[in-house]
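Here the structure is laid out as structure tokens; the discussion comes afterwards.
The values are calculated or read from the model by the stated rules, or taken from the named source; none is laboratory data. For clarity, every value in this text was computed on a predicted model and none was experimentally measured. These area figures cover heavy atoms from the full protein model, side chains too; ligands, DNA and RNA do not enter into them. Shrake-Rupley method; radii C 1.70, N 1.55, O 1.52, S 1.80 Å.
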Amino acid sequence: CLECNHRFTTTEVLVREGLVVLKHDGRREDFDREKLQRAVRVACHKRPIDAEQLAMIVDDVIDIVEAQHDGEIPSDAIGDAVMQRLRK
């Protein structure tokens with residue numbers, strides 16, 4: 001800002017439309033990146049992982065499950081991908 005000299009930044013996120021999560025009980029739910037991000041943050045609560053690393057983990061998980069499944073992603077696949085990524 002030219003008036004207050006505050007620096008602003010922007011980030012871009014790829015919007016993935018049409019992804020659906022298949023739940024254990026047969027329900028279908030729209031994929032929610034924020035929900036996945038909250039879950040990973042909770043899983044890493046007492047670990048020395050910063051916000052940028054968490055975002056990278058979420059991006060990697062989304063890329064993995066999207067490459068393996070067409071539009072409908074079983075919730076187990078998301079959980080497995082998260083666990084694989086967290087082990088690294």
- Length gain on complete extension for the stretch Q84 to K23, per 0.36 nm per residue less the alpha carbon to alpha carbon distance? 20.0 nm
- Query: Out of D60, D76, D50, any idea which swings most in a Gaussian network model of the chain, alpha carbons joined below 10 Å?
  - Reply: D50
- Message: Can you show me the helix-derived [θ] at 222 nm for the chain, built from DSSP H runs with n ≥ 4 at -39,500 (n - 2.57) apiece and divided by the number of residues, rounded to the nearest 500.
- Response: -15500 deg cm²/dmol
- Taking all protein chains as present, what is the carbon and sulfur share of the accessible area of the chain, in % to the nearest whole number, probe 1.4 Å? 49 percent
- Task: With Rg and Dmax of the Cα atoms in Å defined as stated, name the option among [x] 14.0, 45; [y] 17.4, 58; [z] 15.8, 55 computed from the structure displayed.
- Result: [z]
- Message: At 1.4 Å probe radius, can you tell me the per residue accessible area of segment 20-88 in Å²?
- Response: 70 Å²
